[in-house]
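What follows is a short report on a single structure.
The values are calculated or read from the model by the stated rules, or taken from the named source; none is laboratory data. The model shown is predicted, which means the values in this text are computed figures rather than measured ones. We place every Cβ from the backbone using ideal geometry, glycine too, and count neighbours over all the protein chains shown. To get the accessible areas, we keep the full protein, side chains included, count just its heavy atoms, and leave off ligands, DNA and RNA. Shrake-Rupley method; radii C 1.70, N 1.55, O 1.52, S 1.80 Å.
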Amino acid sequence: MTQTVVPVEGVTVEKVAVQEIAVQEVAVQEVAPQEVAPQEVTKDTSTEKLTFQQYLFYEGEPDVLYELVRGKLIPMPTQSHLHTNIGKFLVYKLQGYFAAENLDLVANSLATGVRTEEASSRIPDLVVCSQKVWEEVIPRAGAGVLDFAEKPNLVVEIVSSNRRSDYVVKRNEYEIAEIPEYWIVDPKKKRVRVFTNPSGEEGYSFVDFGEGEEIVSSQFPSLALSVDEILSPPIVEQLIKEEQAQLKQLQEEAETERQRAEAERQRAEKLAQRLLELGVNPEEID
């Protein structure tokens, strides 16, 4: 039997079939779950604040030092060669001074931090503290930071790009932390500013020392250190070579004197023996 299809005006059988298939595909797409690509979660340190304890164990970019300022991480700028050389020279001079004066103090520029506020820790270019404090800091896990009770005797900042930070912001923090002495070495202005007496009625007082002058330190009154050699320091390794050469010369001179004294002693012994052989008591000879 032949089936008769009654056409609908304007619609063919083929169009109806295509529309039905399209509807089915849309339905399948609506029901099928969509795959979502996994997103990597990153830690935004530019806005997140850290506690002091978190900062001690923070691991950021390699070879980048961070200070903690009211909970925010502040990366420190790269030092120039002059900056580094000034720091090395100051450590060398202070270490020599401490040894000569038999002082139990340590000077270092090993990125030692100094806590200045509840959630702030600075990294001066140079820190001087007692040997006892330093021995307690060395074995600690995490960043080496002197806490409130481990007050350094001296901190030094060498001015680089952010002048206001050294002259205003850090000055205020070190003053409030009552660090006894703070030096600002300023190669651009050719001077060293020495802050002292943080507990005074008006806080820190300061004296500027310029070219041709020697600095005066209340912490180290007999220290001989000129502004000229600080701003244009000699190469520390060369100074050490010269020291070693002088030491070697002194040792050679001491050995020559020892040999001379030994030869004199032996000559005296031989003379005394000869006198005894002649029947003369050498002790009776004036």
> Under a 1.4 Å probe, what is the accessible area of segment 88-127 per residue, stated in Å²?
Replying inline: 39
> Based on the mean of other beta carbon atoms within 10 Å per residue, what is the order of 48-60, 186-198, most packed first?
Replying inline: 186-198, 48-60
> Summing +1 for each Lys or Arg and -1 for each Asp or Glu, what net charge is found among the other residues whose Cβ lies under 11 Å from the Cβ of PRO124?
Replying inline: -3
> Which whole-Hz couplings ³J(HN,Hα) result when phi for each residue of segment 205-219 is put into the Karplus expression 6.51 cos²θ - 1.76 cosθ + 1.60, θ = phi - 60°, listed in order with x for Gly and Pro?
Replying inline: 10, 9, 9, 9, 10, x, 4, x, 10, 9, 6, 10, 10, 6, 6
> Restricting attention to the alpha-carbon atoms of segment 200-286, what are Rg (one decimal) and Dmax (integer), both in Å?
Replying inline: 28.1, 87
> Which FRET efficiency value, to the nearest 0.05, do you get for GLU150 and GLU202 by plugging their Cβ-Cβ distance into 1/(1 + (r/R0)^6) with R0 = 30 Å?
Replying inline: 0.70
> Amide H to amide H under 5 Å from GLU67: which residues, 5+ apart in sequence or cross-chain, H placed 1.01 Å off N in plane?
Replying inline: ILE74, MET76
> What accessible area per residue, rounded to a whole number of Å², is obtained for segment 161-209 using a probe radius of 1.4 Å?
Replying inline: 50
> Using a 1.4 Å probe on the protein chains only, how many percent of the accessible area of segment 77-224 belongs to carbon and sulfur?
Replying inline: 50
> Based only on the alpha carbon positions, what is the Kirkwood hydrodynamic radius of segment 37-149, in angstrom?
Replying inline: 15.8
>> Can you return the lysines within cross-link range of LYS88? Criterion is Cα-Cα under 23 Å, with same-chain partners fewer than 8 residues away left out.
In response: LYS132, LYS151, LYS170, LYS188, LYS189, LYS190, LYS241
> If you take all C-alpha pairs in segment 80-214, what percent of them are over 18 Å apart?
Replying inline: 55
> What does the charge count near LEU239 come to, summing +1 for each Lys or Arg and -1 for each Asp or Glu among other residues with Cβ under 13 Å from its Cβ?
Replying inline: -1
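Report the antiparallel proportion of the DSSP beta bridges in segment 131-250 as a percent, rounded to a multiple of 5. Can you show the working numbers first?
Working: 13 of 18 bridges.
Restricted to segment 131-250, the bridges split so that about 70 percent are antiparallel.
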>> Suppose the chain between SER130 and LEU239 were pulled fully straight at 0.36 nm per residue; how much longer would it get relative to their current alpha carbon spacing?
In response: 36.7 nm
